[in-house]
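Read the structure below first, then the notes.
The values are calculated or read from the model by the stated rules, or taken from the named source; none is laboratory data. Remember, predicted model here, so these are calculated numbers, not experimental data. Cβ atoms come from the backbone with ideal geometry, glycine included; neighbour counts cover every protein chain shown. For accessibility, only protein heavy atoms count, side chains too; no ligands or nucleic acids. Shrake-Rupley method; radii C 1.70, N 1.55, O 1.52, S 1.80 Å.
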Amino acid sequence: MSDTPRTPVEPGGDEEGIVLDDEIAGEMSEVAGLSQAQIVRRRFLRHKGAMISLAILVLIILLAATSVGWGPIPGWWKWGANELVPRVDNDSPTLSFRPRWLGGAGVGLGEHPFGVDNELGKDMFAQTMRGVQTSLTVILVLGVLSTTIGVLIGALSGYYGGWVDSVLMRFTDVIIVLPLLVITAVAGFALDLKGIWAVAVALGIFTWTGLARLVRAEFLALREREFVDAARVANASNLRIIFKHILPNTVGTIVVSTTLLMGAGLLTEAALGFLGFGISPPEVSLGSLVNLYQGAYETRPWLFLWPGFFIVAIVLCLQFIGDGLRDAFDPRQKRIPSRKDLDRGDAVGEAEARSSAANLSRPASG
């Protein structure tokens with residue numbers, strides 16, 4: 001223990017720098033001996049917003065997959081997405097969260113949790129869950145396709161430079177200046193792209209531009225590093241240097257960008273569905289449901305609000321997960337000490353001062 005007493009911390013002063021150094025030293029001691037994957041996992045698990053969002057997103061996926069069935073997964077809900085339901089007198093939602101002892105109908109789903117569309121004979125819970133499945137499929141395909149294209153173009157452009165960089169970046173600029181909604185809507189109308197896979201592919205081939213620029217910037221910085229020079233000296237091929245040496249160092253940027261891209265893709269798919277250029281019946285998506293029931297907002301708002309609620313929930317979850325991944329992958333992210341941390345530093349300094357004074361006043365033994 002140091003014999004030098006520590007003075008109270010003043011914001012912006014030297015003592016705050018001491019506390020920051022102690023904080024950094026503490027973080028270094030926590031991650032000592034851990035691999036990069038373990039460090040990233042530990043940081044991500046400590047991000048409360050990302051963990052809560054991940055749990056909510058998993059619950060939404062499980063609810064959508066098991067309720068009306070998804071592929072080989074059987075469904076437990078009594079109505080199917082395309083099944084006609086009998087007309088009911090009260091078509092409002094039967095979902096209840098109020099217990100009977102509080103004067104409610106009890107906690108439960110009821111006959112039609114999200115209401116019924118008597119005109120089309122559809123159960124809105126089944127329709128919404130099918131819409132969640134479709135929208136999740138679209139953004140998953142979109143994420144894989146746009147990530148593949150963006151990484152390839154960004155990597156080749158940033159590594160080779162010169163005329164390769166000029167050609168690829170000018171092509172990227174052309175795609176950027178084209179309005180995404182307009183070009184995808186025109187492509188969908190001209191090519192009659194109405195299915196799930198067609199819409200996902202159409203979105204994927206036009207949403208890679210931001211990721212390509214990010215990957216290019218990373219490659220421009222990393223290609224001048226010492227480990228790349230060592231790989232060239234060892235006669236490694238360009239493809240090996242790109243995919244084995246440089247690309248693994250850009251995984252953090254790619255993962256974060258892909259996560260955020262999927263959230264934006266869901267909004268784009270919903271906008272296309274709202275404009276009538278997206279997925280068409282008998283398939284439904286969250287966007288197409290919003291478009292279908294936009295006129296019922298004043299009379300039967302639940303038909304419109306439930307699909308919109310799941311759009312907002314999924315997008316927010318993806319955004320928070322992306323924030324958590326960004327903080328986890330960025331080694332420069334340091335936790336800024338709060339007022340509580342600084343006050344704790346004052347208390348530690350005072351305790352050390354008292355201990356030092358007691359040691360000085362104690363008579364020497366022997």
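Anything in segment 49-71 that is over 19 Å from Ile314 (Cβ atoms) and modelled with pLDDT of 85 or more? List them, or say none. Listed by number, the list holds a single entry, Gly69. Within segment 128-151, which residues are of a type outside the set (A, V, I, L, M) and either over 30 Å from Ser96 (Cα atoms) or in contact with a strand residue (DSSP E or B) (Cβ under 8 Å, 6 or more places away or on another chain) (or both)? Answer for segment 128-151, where residues must be of a type outside the set (A, V, I, L, M) and either over 30 Å from Ser96 (Cα atoms) or in contact with a strand residue (DSSP E or B) (Cβ under 8 Å, 6 or more places away or on another chain) (or both): Gln133, Gly143, Ser146, Thr147, Thr148, Gly150.
The residues of segment 56-84 that are outside any loop (DSSP other than H, G, I, E, B) and without any contact (Cβ under 8 Å) to a residue 60 or more places away in the chain, listed by number, are Val58, Leu59, Leu62, Thr66, Ile73.
Among the conditions (1) among the small types (Gly, Ala, Ser); (2) under 30 Å from Arg225 (Cα atoms); (3) outside any helix (DSSP H, G or I), Ala155 misses just one, which is (3).
When restricted to residues that are among the charged types (D, E, K, R) and in a helix (DSSP H, G or I), segment 244-297 contains 2. Looking across segment 49-65, not a single residue is within 11 Å of Asp327 (Cβ to Cβ) and open to solvent by 60 Å² or more (accessible area, probe 1.4 Å). Of the numbered criteria (1) surrounded by fewer than 14 Cβ atoms within 10 Å (Cβ to Cβ); (2) modelled with pLDDT of 80 or more, the one Leu145 fails is (1).
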